[in-house]
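The values are calculated or read from the model by the stated rules, or taken from the named source; none is laboratory data. Note that the coordinates shown come from a computational prediction; the quantities given were computed from them, not determined experimentally. Neighbour counts are summed over all protein chains in view; Cβ atoms, including those assigned to glycine, are modelled from backbone coordinates with ideal geometry. What goes into the accessible areas is simple: the full protein's heavy atoms, side chains included, and nothing from ligands, DNA or RNA. Shrake-Rupley method; radii C 1.70, N 1.55, O 1.52, S 1.80 Å.
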Amino acid sequence: MAQNEGVSTSNAIFEIIDDDFSRFSDIPKPIITERKRSFDEKSFSELSITMSPRPFYRNTENSSRVFEPVDSIYSSGGRSGFDTPRSEAGFETHPIVSEAWEALRRSIVYFRNEPVGTIAAIDNGEEKLNYDQVFVRDFVPSALAFLMNGEPDIVKNFLIKTLRLQSWEKKVDLFKLGEGVMPASFKVHHDAVRNTETLVADFGEAAIGRVAPVDSGFWWIILLRAYTKSTGDSSLADKPECQRGIRLILGICLSEGFDTFPTLLCADGCCMVDRRMGIYGYPIEIQALFFMALRCALQLLRPEGEGKEFIQRIVERLHALSYHMRNYFWLDLKQLNNIYRFKTEEYSHTAVNKFNVMPDSLEDWVFDFMPTKGGYFIGNVSPARMDFRWFCLGNCVAILSSMATPEQASAIMDLIEARWDELVGEMPLKISYPALEGHEWKIITGYDPKNTRWSYHNGGSWPVLLWLLTAACIKSGRPQIAKKAIELTETRLLKDGFPEYYDGKTGRFIGKQARKNQTWSIAGYLVAKMMLEDPSHLGMVSLEEDKQICPRIKRSTSWTY
């Protein structure tokens, strides 16, 4: 997350009425939902892993929303491994679990006596900068942890508050942002003199580089669906305000312009990699989140009025986006060899090298990194440029959203196993690989002292990514990979004080500028742990493939040798 020297409040202090909030209670309300299967039961039961997942139950009622896959699953909403010496799934509760829950609860932010989110980090030893704020992307793993533990009120409050913030006018200097932009973060401002509380929101006007977040709106839609799936309550999503909020977010993304690609053109610093790292163009993280948000919106949007038009636009975009991503962003050994033999300066519709990529731009590390069996979605594709770096978040979300075919998802898992030392090492999980070094680092990052090689966004290891890896592993039928990564995390995370990230080629060192008690490091571990204990939680963040909007690709890939 970007670190700001302070947040200007000149045009970002918003008064928000609380009349539609339900009172928060320390005792979670009982949630009655049914769970469904979201992956093959037989293949999961045959996996070589010591675990006893709860039985799966088919939903006997036809409660699916429009375009909602029938075989999605609901979370039980029950408590998972907290306040009990042994979890219901048969796992021994690790000592880190109770410590993590206590730390997560200390991070809760209240606004007018209602919990509205969790701050980024509790680290009294350093200048807070913007780590005392509630970030939309950072709160997602916290929200999932609370939902899995049967505490949905804080998530509901957060969704409503950020929705209200979306409706306010947003300016950076004298330039007005799009109406649908969601805030990157907000904080609660206490006025002791007037005895009032207000929310201070940042839409990018205070961020490093002054870049508005593209991913916040996508995460908001994804979290709204997770809340709906977990609680079985669609009344929040059905509210006219939420329906309008979804349409505003999508309206920015689905607008027609000069771009000839179905992907989203983005600036550096617009997502989790929120500093200059050469991801400008069509970064995989944004494209995967965009794809997932579109699919979640199909389940949330009402087909009446403007919703009907948006549903049609979403279906058309998904069809084009899935084809584009599966064909042009996918890399395996066979495709790598094809690129190696590309001809350039091709013209007309018969061109094979459609983006005029120069084979000489292939770096030596790509050939060494690519295993015989395996593949991944590369970081970026644009005219005369292919960024072959591995980005964890984009590839995991590609699996969860079914942007990746089942075969591609399996190939990504093969790659992680084959390159375990490079991508996992001593602390999961590399945000990107490999690191930029030397002259390349100077040019691409602008001499960024925080993104030095194997640190922060430049090849650093981020514990928060553990929940995404775990979810992707379970969906791909490879939970043993997640189990190994979780056990590796448990050897150090608590002892090291839940740091934000780790440095070094294998993640051996606590990040030089990493905050301790980083909330999403804590929540990411808890979500991974609870999801592995009870795989039915996967339904909150997983979508099955819809073959009508995601056509099968014809080109050869790593599983067809």
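With the cut-off at 31 Å, tell me which of the pairs Lys373/Lys475; Lys229/Lys308; Lys354/Lys484; Lys170/Lys442 have Cα atoms farther apart than that. Among Lys373/Lys475; Lys229/Lys308; Lys354/Lys484; Lys170/Lys442, the Cα-Cα distance tops 31 Å for Lys354/Lys484; Lys170/Lys442.
Applying both filters, DSSP loop and at most 15 other Cβ atoms within 10 Å, to the GluC sites (Glu not before Pro) of the stretch 217-317 gives Glu256, Glu304. If you find the alpha carbon centre of the stretch 404-460 and of the stretch 493-511, how far apart are they in angstrom? About 15 Å separates the Cα centre of the stretch 404-460 from the one of the stretch 493-511. Computed with a 1.4 Å probe over protein heavy atoms only, the accessible area of Ser401 comes to about 0 Å². Extension gain for Arg194-Asn356 works out to 52.1 nm (0.36 nm per residue, less the C-alpha to C-alpha distance).
Per residue, the average separation of C-alpha pairs within less than 8 Å and at least 6 apart gives the stretch 345-392 a relative contact order of 33 percent. Under the criterion of Cα pairs below 8 Å and six or more residues apart, the relative contact order for the stretch 214-295 equals 36 percent. When each of the peptides 203-213, 161-171, 218-228, 427-437 is scored by how many other beta carbons lie within 10 Å of its residues on average, the order from highest to lowest is 218-228, 427-437, 203-213, 161-171. Of the GluC sites (Glu not before Pro) in the stretch 336-417, the ones in a loop by DSSP (not H, G, I, E or B) with at most 16 other beta carbons within 10 Å are Glu345, Glu346, Glu363. Accessible surface ranking for Leu159, Leu494, 1.4 angstrom probe, highest first: Leu494, Leu159. In the stretch 376-518, Cα pairs under 8 Å separated by at least six residues give a relative contact order of 23 percent.
Per 10 Å bin, what percent of the C-alpha pairs of the stretch 320-463 does each bin hold, from zero upward? The distribution over the stretch 320-463 is 11, 39, 36, 13, 1, given as percents.
Take the alpha-carbon centre of the stretch 152-166, take the same for the stretch 354-376, and report the distance between them in whole Å. Centre-to-centre distance over Cα atoms comes out at 43 Å.
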